[in-house]
1. If we keep just the residues of region 167-182 that are under 14 Å from ILE293 (Cα atoms) and surrounded by 14 or more Cβ atoms within 10 Å (Cβ to Cβ), which is nearest to ligand 2 (Cβ to nearest atom)?
2. Is it true that LEU254 is outside any helix (DSSP H, G or I), in the same structural domain as GLY186 (by TED's automatic domain parsing) and at pLDDT 95 or above?
3. Count, please, the residues in region 156-199 that happen to be away from ligand 1 (no atom under 14 Å from the Cβ) and of a type in the set (Lys, Arg).
4. Give region 183-201 a look and list any residue that's among the polar types (S, T, N, Q), within 16 Å of ligand 2 (Cβ to nearest atom) and either at pLDDT below 90 or outside the structural domain of VAL319 (by TED's automatic domain parsing) (or both), or say none.
5. Among the residues of region 437-455, which ones are over 18 Å from LEU419 (Cα atoms), surrounded by 16 or more Cβ atoms within 10 Å (Cβ to Cβ) and at pLDDT 85 or above?
6. Could you figure out which of (1) more than 16 Å from ligand 2 (Cβ to nearest atom); (2) over 18 Å from SER263 (Cβ atoms); (3) part of a loop (DSSP other than H, G, I, E, B); (4) of a type in the set (D, E, K, R) isn't true of ARG298?
7. So if I check each of ARG291, ARG279, ARG310, which one is basic (Lys, Arg), within 29 Å of LEU201 (Cβ to Cβ) and within 26 Å of the chain's Cα centre (by Cα)?
8. Quick one: which residue in ARG328, ARG291 is farther than 16 Å from GLU221 by Cβ, within 16 Å of ligand 1 (Cβ to nearest atom) and modelled with pLDDT of 90 or more?
Amino acid sequence: MLLLNSISKVIQAFSRLLRVDIACFNPDGQLIAATEEYILRKGKKVHVPFFNNLYGHHITLLHQPGKMPTCDGCHFINNCPSKAELVQDMIINGKKYGYLSFVSFSQENERILIENKEYYIEWLSRLKEIIISILRDTDELKVKENRVLVSENYIFGKSKSLSQIHNLIKSIRNGTSSILITGETGTGKSLLAQYIHETSLVSKGPFIELNCAAIPESLFESELFGYEEGAFTNAKRHGKQGYFELADNGTLFLDEIADLPISLQPKLLKVIQDGIIRRVGGTTSKKVNVRLISATNRSIDELMNEKLFRSDLFYRLNVIPMTIPPLRERMEDLELLVMNFIEKLSERTGKFIDSCTKEYMNILSSYHWPGNLRELENVIEYSMNIEQKNVLTKNSLPPYLSNPLIGHHKLEQKHKPALVEAEKEIIIQKLDQYGNSYSGKQLAAKDLGISIRTLYRKIDKLQIRS
Ligand SMILES: Nc1ncnc2c1ncn2[C@@H]1O[C@H](COP(=O)(O)OP(=O)(O)O)[C@@H](O)[C@H]1O
Ligand SMILES: [Mg+2]
């Protein structure tokens with residue numbers, strides 16, 4: 001991952017300097033790093049026969065990409081977004097490292113590339129040397145989990161808020177302070193946590209994820225800290241490692257941290273302070289070295305006011321706060337995200353989509369995306385499945401978007417006020433009955449058949465005043 005990062009950085013720098021788009025491929029012809037523009041226009045899928053043909057040719061100038069014999073079978077045939085490409089194979093002492101390509105997407109850039117061919121060939125060779133010097137110690141460069149590194153902006157968007165997050169990530173890269181990520185559901189908190197890990201000092205260590213809302217309170221302690229053999233009935237022989245041990249020398253990602261039961265909070269606090277864990281039923285302690293990233297879509301401030309979240313723990317977790325804004329507040333990123341999802345989903349849907357119509361994008365731009373990126377991803381997947389051609393059109397949108405008048409969000413909105421009012425009414429009634437104190441709320445929650453935390457969430461959401 002670090003190697004890919006370095007290659008990606010060099011490529012971005014050369015691209016800015018030379019005003020040309022750049023892509024780098026491994027010996028199998030798989031894309032391993034590229035500029036943002038390249039990914040947006042050509043995607044990550046590569047037509048491998050094309051590369052096989054280039055092997056041994058040193059440098060090849062392609063005047064007419066999409067119209068060459070080797071383009072046969074490529075989904076861009078006759079319709080290639082690139083205007084000219086200068087491709088070089090990266091071979092040293094018979095060892096193949098892959099290919100490097102300078103690409104022009106506009107006629108103007110095509111002219112510049114061709115007129116200054118010698119100049120670009122010179123820089124292509126220099127870039128090749130740098131990349132080979134980065135790769136020299138590795139035997140092969142595999143594409144990991146189908147991920148391609150492009151400029152960091154591409155991964156998360158280029159809106160102002162996202163750029164700020166990027167700058168923050170850059171400036172904390174050499175530390176391991178605790179991070180708390182907040183944002184609505186589906187905004188990309190989990191992905192961000194993973195990204196921070198991958199670009200951090202502990203990236204070689206494990207990334208372990210624990211969803212605090214998914215673990216029953218009674219199992220929490222043994223899950224977090226592990227247990228010794230015989231600690232309780234059904235305990236496994238030889239005991240079990242807890243999440244802290246598993247994440248030793250890496251990152252522990254505590255998702256939905258607001259759901260961490262208050263009874264366990266002091267224990268977590270203690271581990272954070274001392275870095276020492278003791279398994280349930282164990283007599284010995286162990287030192288662990290774990291970087292903590294937590295995430296929540298709820299307001300911890302509110303929970304602290306209600307004494308459902310300890311402030312001392314909050315301050316420990318929230319050393320570096322990061323907030324991802326909802327998609328509707330960063331619509332500048334929409335197109336980038338759409339293209340990224342199209343690319344990501346092409347394998348699953350078996351479709352190669354080149355673009356979307358203006359009308360399609362307009363509809364997406366005017367929607368409010370309550371489910372954020374996750375909802376957007378689902379919409380794109382739906383469209384790709386439905387669409388018959390290689391351009392996404394209004395017709396392939398799910399009905400609630402293509403025809404909002406019959407769409408479910410409108411229907412929902414029609415009925416929503418009545419439901420919301422009814423729910424609010426019932427809760428107010430129960431609070432009147434049992435009182436507004438903490439114990440009153442506990443009784444009200446019990447009576448309503450919901451947890452106290454859910455009750456607080458509803459009070460918060462429905463803006464019920466005490
Ligand atoms: N910047 C991004 N670019 C591309 N895909 C993203 C981005 N952020 C999130 N996603 C995708 O959106 C979906 C929701 O992201 P996730 O991290 O699970 O959100 P959250 O944890 O906030 O609910 C995932 O499929 C994720 O891969
Ligand atoms: Mg998540």
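The values are calculated or read from the model by the stated rules, or taken from the named source; none is laboratory data. Because the structure is predicted, anything quoted here is derived from the model rather than measured. Positions of Cβ are backbone-derived with ideal geometry, glycine not excepted, and every protein chain shown enters the neighbour counts.
1. ILE181
2. When the stated conditions are applied, LEU254 passes them.
3. 3
4. GLN194
5. Result: GLY440, LYS441, LEU443, ALA444, ALA445.
6. (1)
7. None of the others qualify; the one that does is ARG291.
8. It is ARG328.
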